[in-house]
Amino acid sequence: MVLIRTEEVWKTYGVDTARQVDAVRNVSVTIDKGTITAFAGPSGSGKTTLLSLIGLLSRPSRGRVFLDEQEVSQYSEVYRTKMRRDEIGFIFQAQYLIPQLTAVENVALPKICTDISRDEAEEQAKVKLIEIGLEQRLEIKEIQKLSNATKSEVLRISMMIKKSQHKRRLPLIPKIGLRTPGIDWRIPTQEG
Amino acid sequence: MGARKHSNLASYALGNVLKYRTKSAAIVIALFISTSIICSVEFIREGVVQDISASVDEGPDIVVQRLIGGRQVVVPNEWMANVTDTQGVRLATPRVWGYTDVGNGRLLTVMGINSTEYGSVLGAAGTETLDNGRFLDESDTRKMVVGSGIVDMMATSALSIQIEVGSVLSLISYNGELVEFEVIGIFSSDSKIFSYDLILTDIGSAREVLGVDNSSCTDVAVWAEYGSDLNSVAFRLDTEIADARVLTRDAMSETMLKTYGGRAGVVALLWTVVLLAVVLLAFTASSAGSEEARREVGLLKALGFDTVDILEIRMLESLTLSLLGVSLGISFAIVYSFVLGAPIIAGFLLGWNLLLLNGGIPLAVTVSTIFTVYVVGLVPILVASVIPSWRNAITEPDIVLRGV
């Protein structure tokens with residue numbers, strides 16, 4: 001069963017300027033539910049841009065993006081935001097941790113914009129972090145001093161904590177692979 | 001989404017204020033300083049405006065002075081007939097005034113009047129504003145009614161002299177001699193500028209202290225007929241007496257307000273510069289140019305925060321900092337002005353009028369002043385921090401996050 005489908009999508013940055021560049025050109029891809037798919041390619045080939053298009057972080061300049069056979073590329077920004085909040089989980093690179101927040105606060109961050117209380121969200125975050133053995137690092141203030149592997153774990157848990165109340169989850173991991181240490185592939189690809 | 005989400009966002013915003021300590025402290029301190037200055041200035045300016053209004057209400061309708069070569073000189077007594085006979089003049093009375101001290105270097109205003117004529121005018125200075133004692137009468141010589149500032153000054157002097165009705169106070173005359181006066185009354189006028197450091201005495205005694213001869217006076221106080229047009233009366237006086245300077249109540253008020261208003265304007269200008277610096281600081285800290293703040297907005301968007309959520313967070317951060325900075329500034333200004341007597345700023349604003357005594361600075365707090373200061377403090381900071389965040393929040397998260 002198809003989860004993600006793109007139809008001849010293009011993403012052009014700097015339209016009508018000297019810096020105009022096609023980051024993604026005419027890409028059509030289909031990804032089935034329950035699979036783990038990786039995009040590989042040289043730097044600048046548009047992998048992250050394609051993930052951004054699928055993850056509703058940006059709109060295609062041309063072409064269409066479907067999630068569960070619904071065309072999402074033309075949805076309103078309000079609805080796209082709701083889908084990002086409820087349906088999609090990103091595991092960003094380590095530098096996307098918010099430096100002034102502790103590990104617990106970073107993990108609980110996705111739930112701040114929901115009706116779950118902050119205390120409750122942070123409690124859940126603590127439980128998850130303790131589960132993976134980070135009990136010594138829960139309240140560490142300078143999160144940037146954590147190792148890259150630990151930061152990746154924090155980001156992974158951060159994405160996981162969103163899933164509990166929703167049926168579907170689309171985890172997207174920009175720029176992982178051989179250079180990303182400590183990635184645990186036990187990410188939740190589907191629920192229910 | 002209900003109240004709990006807003007509570008979460010508020011908690012996150014407050015957390016940010018605490019965690020970005022350097023930025024928060026810089027904005028609060030800058031706002032504190034600028035608000036303290038503008039508030040102190042406004043308290044004095046407001047006080048001066050109220051004082052001038054009170055002084056003008058207490059004083060004569062018109063004052064006639066004499067100018068020769070652009071300088072004010074004494075008025076010959078012969079002018080009195082001319083002034084009194086002018087159409088529309090109800091009462092004209094000579095005044096002799098100037099400055100003297102009691103030996104401690106502080107200048108006091110001495111004004112000599114014709115007590116019968118002055119006392120006959122309802123609302124004239126001193127007639128209804130006595131705290132203790134009585135007003136001057138026709139037979140009084142070397143008697144004085146003093147402002148409460150003089151009582152305060154003597155009480156805090158080295159000798160700690162308590163001035164009350166019946167006390168004797170010596171003034172140093174123009175030729176260095178001591179002239180003794182008996183205190184018969186103490187002002188409690190609403191007008192501090194007019195009466196705080198004022199010594200009111202009979203015209204003969206004032207002449208003796210100030211060195212004005214019997215054939216002249218310093219100026220002529222004029223009260224117009226009820227219902228007559230002050231400007232018309234002033235115009236007639238000006239026409240009939242060639243070298244007269246005729247000041248109506250409105251002109252005196254306007255001149256005094258311009259003097260203080262202009263000085264307050266200079267300080268307000270300085271304050272504007274400081275506030276501008278605060279705004280730039282807030283803008284820099286939260287603008288698209290701040291990599292950290294930009295990335296945070298992109299990340300929040302990617303995690304599913306609405307544009308409105310992000311604006312709510314930024315507004316709460318700005319409001320917290322602004323309210324804190326402005327409130328601290330206002331509180332400090334109240335202590336600085338009302339308790340400490342606004343040193344430095346009062347001297348700058350009031351100029352020679354600060355020969356006034358300690359505590360004689362006119363001060364007033366109005367709701368509109370406080371409201372204005374809050375608005376002027378809050379709005380620019382709010383705009384400077386919210387607009388860049390809004391611009392980031394309405395941009396595609398991918399572009400904000402990656403900076404492409």
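The values are calculated or read from the model by the stated rules, or taken from the named source; none is laboratory data. Just so you know, these numbers come straight off a predicted model, no measurement behind them. Here Cβ is always computed from backbone atoms with ideal geometry, including for glycine, and neighbour counts include all displayed protein chains. Note: areas computed on protein heavy atoms with side chains; ligands, DNA, RNA excluded. Shrake-Rupley method; radii C 1.70, N 1.55, O 1.52, S 1.80 Å.
Pop the C-beta distance of B:Ile387 and B:Asp250 into the FRET formula with R0 = 51 Å and round what comes out to the nearest 0.05.
Numbers: r = 45 Å, r/R0 = 0.88.
Given R0 = 51 Å and the Cβ-Cβ separation, E is 0.70.
What number does chain B give for Rg over Rh if you use C-alpha atoms and the Kirkwood radius? Provide the component values of the computation, followed by the final result.
Values: Rg = 29.5 Å, Rh = 25.0 Å.
Rg/Rh: 1.18.
May I ask you to rank B:Phe43, B:Phe371, B:Phe348 by accessible area, largest first, using a 1.4 Å probe over the protein chains only? Show your work: numbers first, answer last.
Working: B:Phe43 0, B:Phe371 135, B:Phe348 100 Å².
Most to least solvent-accessible, the answer reads B:Phe371, B:Phe348, B:Phe43.
Within chain B, what's the longest run with no GluC sites (Glu not before Pro) in a DSSP loop and at most 16 other beta-carbon atoms within 10 Å? Give the range, please. Before the final figure, lay out each step's value.
Working: sites that count: B:Glu78, B:Glu128, B:Glu138, B:Glu164, B:Glu177, B:Glu225.
Value returned for the longest uninterrupted segment is B:226-404.
Could you report the accessible area of A:Tyr13 in Å², rounded to 10, computed with a 1.4 Å probe on the protein chains as they sit in the structure?
The accessible area comes out at roughly 30 Å².
For the protein assembly as shown, which semi-axes, largest first and in whole Å, follow from the square roots of 5 times the eigenvalues of its Cα gyration tensor?
Working: eigenvalues 1294, 127, 61 Å².
Listed largest to smallest, the semi-axes of the protein assembly as shown are 80, 25, 17 Å.
Quick one: check the C-alpha center-to-center distance for the stretch A:43-74 versus the stretch B:216-256, whole angstrom.
Result: 83 Å between the Cα centres.
With springs connecting C-alpha atoms under 10 Å apart, model chain B as a Gaussian network and identify which of B:Gly204, B:Gly98, B:Gly69 has the largest mean-square fluctuation.
It is B:Gly69.
Run the simple label-point estimate for A:Trp10 and B:Ile344 please: 7 Å along Cα→C-beta, distance reported in nm.
Those two pseudo-labels are separated by 6.5 nm.
Under a crude label model (7 Å from the Cα following the beta-carbon direction), how far is A:Ser147 from B:Arg4 in nanometres?
Each label point lies 7 Å from its Cα, and together they span 3.7 nm.
Quick one: what Rg and Dmax do you get for the stretch B:35-122 from the alpha carbons, in Å?
Cα radius of gyration and Dmax of the stretch B:35-122 are 17.6, 54 Å respectively.
Over the stretch A:103-165, what is the mean sequence separation of C-alpha contacts under 8 Å (at least six apart), divided by residue count, expressed as relative contact order in percent? Each step should come with its number before you reach the end.
On the way: 55 pairs, mean separation 31.1, N = 63.
Computed value for the stretch A:103-165: 49 percent relative contact order.
What distance in nm separates the simple spin-label points at B:Ala277 and B:Gln87, each placed 7 Å from Cα in the Cβ direction?
For B:Ala277 paired with B:Gln87, the spin-label model returns 6.2 nm.
Tell me what the protein assembly as shown gives for mean residue ellipticity at 222 nm when only DSSP H runs of n ≥ 4 count, each as -39,500 (n - 2.57), the sum divided by the residue total, rounded to 500 deg cm²/dmol.
Working: 19 runs with 271 residues, N = 596.
Dividing the helical sum by the residues of the protein assembly as shown leaves -14500 deg cm²/dmol.
Rg over Rh of the stretch A:2-75, using C-alpha atoms and the Kirkwood radius, what does it come to?
That ratio is 0.98, to two decimals.
Only helices at least 30 Å long along their axis, Cα-based, and averaging 1.0 or more on Kyte-Doolittle count here, so list those DSSP H runs from chain B. Can you show the working numbers first?
Details: long enough: B:21-58 (54 Å, 0.82); B:249-286 (52 Å, 1.09); B:307-334 (40 Å, 1.40); B:367-393 (37 Å, 1.46).
Result, helices passing both filters: B:249-286, B:307-334, B:367-393.
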